[in-house]
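*Asks:* The structure's right below; bear with me while I get my questions together.
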Amino acid sequence: MTMKLSTDPSAATLLPIAKKEGISTVWDRHRAMQPQCGFGQLGVCCRICWKGPCRVDPFGDGPQRGICGADADTIVARNVIRMIAAGAAGHSEHGRHVALALQGVAEGRLPAYQIRDEAKLRAVAAKLDICTEGQDIPAIAAAVAKATLEDFQNQDHDAPCNWIEATLTKKRLERLQALHVLPHNIDAVITQIMGRTLVGCDADPVNLILGGIKGALADFNGMCLATELSDALFGTPSPVITAANLGVIKPDAVNIAVHGHNPLLSEVVCEVAGQMDEEARKAGAPAGINIVGICCTGNEVMVRHGIPLAANYLSQELALVTGAVDAMVVDVQCIMPSVSEIGACFHTAVITTMAENKIPGATHVDFKEETALESARRIVATAIEAYKRRDPRRVNIPDFKQTAIVGFGVESVVAALATLNAEDPLQPLIENIANGNIRGIALFAGCNSTQVAQDSSFVTMAKKLAANNVLMLATGCGAGSFAKHGLMTQEATLEYAGDSLKAVMTAIGTSAGLNGPLPLVLHMGSCVDNSRAVQVAVAVADKLGVDLDQLPLVASAPEAMSEKAVAIGTWSVALGIPTHLGTMPQVTGSAKVTELLTQTAKDLLGGYFLVELDPNLAADKLLEVIEERRKGLGI
Ligand code: XCC
């Protein structure tokens, strides 16, 4: 029996075309990979030294220890925390780039950038306890950048990172401090994970997992600073109406897809594209330049500027199969190396931009913040050149796109609520949670995976949770799924929300001037913007005088795939949030590690992993958790 590959209607249109053209996609490669390695799936394959590879026999017949003597518990724990370190490294490096850019702006070295949201910069400074009285904007930016970069440099183990300290509830910080898992320095914590997992180091699975939790919290710290400083530089999201799915690609425009994660490049490309529109028209594209987004770079420019989203992770190759993408500009993370080969089947220029992220066969345009405008001009000019080579007979743009109302940062959620109660904006939200109109809040995050029919688990779970009056937030490719499937619309709220949720969403949306309800799922941004959802939760918890593990709040990554998702899921657990995974985590080869993450964590942290591959059952389980939490609060 063949499994359905994707529930995205664009895939049904484009996969037969890919097949006809002899282009292999992620789904073809998934099929060719079957059966996948059972040892790897269980996490019991160890490749940490060259005496190996070793693997522990899960049935108990063969070897129970690797050559060095490590058992399944040690091997699984080491493997999973190395994934956390990789995820944390990705997000934090992204954060460091943004912090360095802020520093460069403060020093007047980066002509392509400016502080677009001064109020946000001031708010960030206040949050970090930086005195701004009598200081001008460059001075404040310099102080904020300095305090942020300390989180990569501080050598005092007892002094937690500035950002995490400024972000969480007091009770949560105390609880994490007591477990010695508060990070003091992002780089150091990641390095420690790599060091302790070398051959012949930490063999205690509990100690290893605690080290992993610290790494995950370093990931959280990196995300918070990446989100907030990006807002100061590029603007804080506010609700905007846009569109999603491959139908946003235009047949009569020079189409540039921005793909990856870091907004430093895409922001400048968007700006320069506006200036070079006329050149595109002269080259024969009547609609000028059309920027579309893919993955989280797409989410970043979508929530800030309403740039339409063409694809989430699994359909990035299909964007190229439309034959109408003239340039795909990539920065970091989640870029399939196959894109350069597929681009070469068409006229598409696939352009890498980061020195540490190149792809064979792609064109590399080195991107540095100092010369961002020049690089962006080169990229846009390359796209216009490529457009001239486009073969209109090979253009197949699926006629699918959905409206999406996006851009719900903390500030815009609070602003919407303030239209109901200007004095105390959180009060209407809290009241409606307390009286049960909203049963709870679910944060959907994470990727697509070929282990799941694309987008299907997101959509199934969201519809069920909505019917049961759960307020939903989304980021990353989860947000992409909802946008593509029309769940970020007012119509979706009217169609799928339970009666009481619908009434609340309508009251808020109407008073906020949306002429109807809020969209069913609120798009908070990219993967690093999961920190926005935490901020909302912390504000609610503080107001109620409780900690995060008491709130009727759950998280879900129904189609998780990336090491970054492992890091995010783990900090979510560490913050006290029951966290669902809809794909099998590669830890089940160790009963001890599995128990730690799914049960012991509950006592230690209040949060825990809940694994359920069936999205219907997963939604039921999350509803149960929400009710259990409500009971705990006596509401
Ligand atoms: Fe999407 Fe962020 Fe996952 Fe990558 S990791 S597949 S959510 S683009 Ni964040």
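*Asks:* Cross-link list Lys250/Lys368; Lys214/Lys621; Lys4/Lys484: which exceed 20 angstrom alpha carbon to alpha carbon?
*Replies:* With Cα atoms farther than 20 Å apart: Lys250/Lys368; Lys214/Lys621.
*Asks:* Let me ask something else. Taking the Cα centre of segment 246-394 as origin, work out the dipole magnitude from +1 charges on Lys and Arg Cβ and -1 charges on Asp and Glu Cβ, in debye rounded to 20.
*Replies:* Roughly 520 debye for segment 246-394.
*Asks:* Give the carbon-plus-sulfur fraction of the accessible surface of segment 72-234 in %, rounded to a whole number; probe 1.4 Å, heavy atoms of protein chains only.
*Replies:* About 53 percent, which is the carbon plus sulfur part of the accessible surface.
*Asks:* Here's another thing I want to ask about it. Quick one: compute the contact order of segment 160-304, relative version, from alpha carbon pairs under 8 angstrom and 6+ residues apart, as a percent.
*Replies:* Once divided by the residue count of segment 160-304, the mean separation gives 22 percent.
*Asks:* At 1.4 Å probe radius, can you tell me the per residue accessible area of segment 246-394 in Å²?
*Replies:* Normalised by residue count, the accessible surface of segment 246-394 is 31 Å².
*Asks:* Per residue, how much accessible area does segment 72-234 show when a 1.4 Å probe rolls over the protein heavy atoms, in square angstrom?
*Replies:* About 36 Å² of surface per residue is accessible.
*Asks:* Looking only at the chain, where both bridge partners belong to it, what percent of the DSSP beta bridges are antiparallel (to the nearest 5)?
*Replies:* In the chain, approximately 20 percent of DSSP beta bridges are antiparallel ones.
*Asks:* Okay, moving on. Please grab the % of Cα pairs in segment 246-394 that end up more than 24 Å from each other.
*Replies:* The calculated P(r) of segment 246-394 puts 19 percent of pairs beyond 24 Å.
*Asks:* If you count only protein heavy atoms and use a 1.4 Å probe, how large is the accessible surface of Glu165, to the nearest 10 Å²?
*Replies:* 100 Å²
*Asks:* For Phe400, Phe408, give the ranking by accessible area with the largest first, probe 1.4 Å.
*Replies:* Phe400, Phe408
*Asks:* Magnitude of the Cβ-charge dipole of segment 175-324, K/R +1 and D/E -1, about the Cα centre, nearest 20 debye?
*Replies:* It comes to approximately 220 debye.
*Asks:* How much accessible surface does Cys68 have with a 1.4 Å probe, in Å² rounded to 10?
*Replies:* Approximately 70 Å² of Cys68 is accessible to the 1.4 Å probe.
*Asks:* Now a separate question. Suppose every Lys and Arg Cβ carries +1 and every Asp and Glu Cβ carries -1, with no other charges. What dipole size does the chain come out with about its Cα centre, to the nearest 20 debye?
*Replies:* It works out to roughly 1320 debye.
*Asks:* Which whole-number percent gives the relative contact order of the chain, counting Cα pairs below 8 Å spaced six or more residues apart?
*Replies:* Taking the mean separation of contacting Cα pairs over the length of the chain, I get 16 percent.
*Asks:* What aspartates and glutamates sit close enough to Lys463 to cross-link, taking a C-alpha to C-alpha distance under 20 Å and skipping anything fewer than 8 places away on the same chain?
*Replies:* Filter leaves Asp8, Asp455, Glu491, Glu495, Asp499, Glu559, Glu612, Asp614, Asp620, Glu624, Glu627.
*Asks:* Suppose R0 equals 22 Å. What FRET efficiency, 1/(1 + (r/R0)^6) with r the Cβ-Cβ distance, do His364 and Ala344 give to the nearest 0.05?
*Replies:* 0.90
*Asks:* What is the sum of charges, Lys and Arg at +1 and Asp and Glu at -1, for the other residues whose Cβ falls under 11 Å from the Cβ of Pro558?
*Replies:* Computed value for this residue: -4.
*Asks:* Over the Cα atoms of segment 72-234, Rg to Rh with Kirkwood Rh, two decimal places?
*Replies:* Taking Rh as the inverse mean 1/r over Cα pairs, Rg/Rh reads 1.04.
*Asks:* Which FRET efficiency value, to the nearest 0.05, do you get for Glu431 and Ala178 by plugging their Cβ-Cβ distance into 1/(1 + (r/R0)^6) with R0 = 45 Å?
*Replies:* About 0.85, to the nearest 0.05.
*Asks:* Another one. Just to be sure I understand the rule: take each whole DSSP H helix in the chain, project its Cα atoms onto its long axis, keep it if the span is 24 Å or more and its mean Kyte-Doolittle hydropathy is at least -1.0. Which ones pass?
*Replies:* Those that clear 24 Å and a mean of -1.0 are 72-106, 205-234, 372-388, 615-633.
*Asks:* Would you please give the FRET efficiency between Leu544 and Ala355, computed as 1/(1 + (r/R0)^6) with r the Cβ-Cβ distance and R0 = 45 Å, to the nearest 0.05?
*Replies:* Once the sixth-power term is evaluated, E becomes 0.45.
*Asks:* How large, in percent, is the carbon and sulfur part of the accessible surface of segment 402-633 at a probe radius of 1.4 Å?
*Replies:* 52 percent
*Asks:* Now a separate question. If you scale each eigenvalue of the Cα gyration tensor by 5 and take the root, what three semi-axes come out for segment 374-440, rounded to whole angstrom and sorted largest first?
*Replies:* Its equivalent ellipsoid spans semi-axes of 48, 19, 8 Å.
*Asks:* So which aspartates and glutamates pass the test for Lys20, namely a Cα distance under 17 Å, with those fewer than 8 places away in the same chain ruled out?
*Replies:* Asp28, Glu317, Glu341, Asp391
*Asks:* Rounded to the nearest 500 deg cm²/dmol, what is the calculated helix-only ellipticity per residue at 222 nm for the chain, with -39500 (n - 2.57) per DSSP H run of length n ≥ 4?
*Replies:* For the chain, the value works out to -15500 deg cm²/dmol.
*Asks:* Rg to Rh for the chain: what is it, with Cα atoms only and Rh by Kirkwood?
*Replies:* 0.95
*Asks:* Got a sec? Charge dipole of the chain, +1 on Cβ for Lys and Arg, -1 for Asp and Glu; which of Leu494, Thr475, Leu15 is way out at the positive end?
*Replies:* About the Cα centre, the residue reaching furthest to the positive side is Leu15.
*Asks:* Solvent-accessible area of Lys4, probe 1.4 Å, all protein chains present, reported in Å² to the nearest ten, please.
*Replies:* We get 130 Å² for Lys4.
*Asks:* For segment 402-633, what is the Kirkwood hydrodynamic radius in Å, using each pair of distinct C-alpha atoms?
*Replies:* That comes to 17.4 Å for segment 402-633.
*Asks:* Follow-up question, since we're still on this one. Roll a 1.4 Å probe over the protein chains and send me the accessible area per residue for segment 402-633 in Å².
*Replies:* Spelled out: the 1.4 Å probe surface of segment 402-633, per residue, equals 31 Å².
The values are calculated or read from the model by the stated rules, or taken from the named source; none is laboratory data. As the structure is a computational prediction, the values presented were derived from the model and not from experiment. Don't worry about glycine lacking a Cβ; one is built from the backbone with ideal geometry, like all the others, and counts go over all protein chains shown. Surface accessibility is based on the protein's heavy atoms, side chains included, excluding ligands, DNA and RNA. Shrake-Rupley method; radii C 1.70, N 1.55, O 1.52, S 1.80 Å.
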